[in-house]
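See structure below.
The values are calculated or read from the model by the stated rules, or taken from the named source; none is laboratory data. What you see is a predicted model, and the numbers here were worked out from it, not measured in a lab. Cβ coordinates were reconstructed from backbone atoms using ideal geometry, including for glycine residues, and neighbour counts include every protein chain displayed. Protein only, heavy atoms only, side chains kept; ligands, DNA and RNA dropped before computing areas. Shrake-Rupley method; radii C 1.70, N 1.55, O 1.52, S 1.80 Å.
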Amino acid sequence: APMSVLHLKQNVIVKVIVTERFKNEFKDDISRQINDAESKARDLKASLGRLVIESAGIQNPTYVESLKARIEEERMIQEALAAQLKEKLKEVENLPIDSVYPYMVVEGQADVNVGDNLLNKISATEVTIKDGIVVEIKEGA
C-alpha cells in the first residue's frame with residue numbers, strides 16, 4: 001500500500017535577535033565554559049607534574065612517555081578550546097543589539113506528502129527567536 005506521509009529529518013537553523021539579555025546570558029555561558037577548560041588544563045598540568053615524580057622509578061619508560069604524551073595532548077586541546085571560547089566571547093561582546101545571530105542548528109522533522117517539493121521540504125528551516133520567544137519561522141530555502 002502506498003504511504004501517504006513520509007517523516008524525514010531536517011536541520012533547523014536557530015537565529016537569535018540580539019538583546020542585552022541574550023548577550024549577558026550567552027557571555028555567562030561562554031565564561032563558564034572557559035573556566036571549565038582552563039581548570040581542566042590546570043588539572044592536567046598538575047597530573048603531568050605528579051606523573052613525572054611518581055614515574056621516576058618505573059621500569060617501563062615507553063608506557064610513561066605515552067601517558068605523558070596523552071595528558072599533554074589533552075591539556076593542549078583544553079587550552080585551544082579556552083582560546084577559541086575567548087574569541088567567541090569577544091565576538092558576542094561586539095554583537096549589535098537587534099542584529100541577527102546564527103545561534104545553533106537543531107534537528108527537526110519534515111512531513112513530506114505526495115505532490116510536495118521534496119527539496120523545499122528538507123532544506124533547512126529557519127527559526128528566529130528573541131529572548132527565547134519564536135518571532136519568525138521560515139520553511140525551506
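Would you please name the residue that is nearest to the chain's Cα centre (by Cα), looking only at residues in the stretch 36-54 that are farther than 18 Å from LYS86 by Cβ and without any contact (Cβ under 8 Å) to a residue 12 or more places away in the chain? Once the filter is applied, the top-ranked residue is ASP43.
Name the residue that is least open to solvent (accessible area, probe 1.4 Å), counting only residues in the stretch 83-125 that are among the β-branched types (Val, Ile, Thr) and part of a helix (DSSP H, G or I).
Narrowing the stretch 83-125 to residues among the β-branched types (Val, Ile, Thr): 92, 97, 100, 105-106, 112, 114, 122, 125.
Cutting the leftovers down to part of a helix (DSSP H, G or I) gives us 92, 122.
Numbers: VAL92: 0, ILE122: 65 Å².
The selected residue is VAL92.
Being at negative phi and either assigned to a loop (DSSP other than H, G, I, E, B) or modelled with pLDDT of 95 or more (or both) holds for only one residue in GLU54, GLU79, and it is GLU79.
Scanning the stretch 6-36 for residues that are open to solvent by 90 Å² or more (accessible area, probe 1.4 Å), modelled with pLDDT of 95 or more and among the basic types (Lys, Arg) gives ARG21, ARG32.
The numbered conditions (1) of a type outside the set (A, V, I, L, M); (2) modelled with pLDDT of 85 or more; (3) out of contact with any strand residue (DSSP E or B) (no Cβ under 9 Å at 6 or more places or on another chain); (4) loosely packed, with under 11 Cβ neighbours inside 10 Å are all true for PRO2 except (2). Test GLN59 against the stated conditions and say whether it is touching a residue at least 12 places away in the same chain (Cβ under 8 Å) and open to solvent by 90 Å² or more (accessible area, probe 1.4 Å). Here the answer is no, as GLN59 does not meet what is asked.
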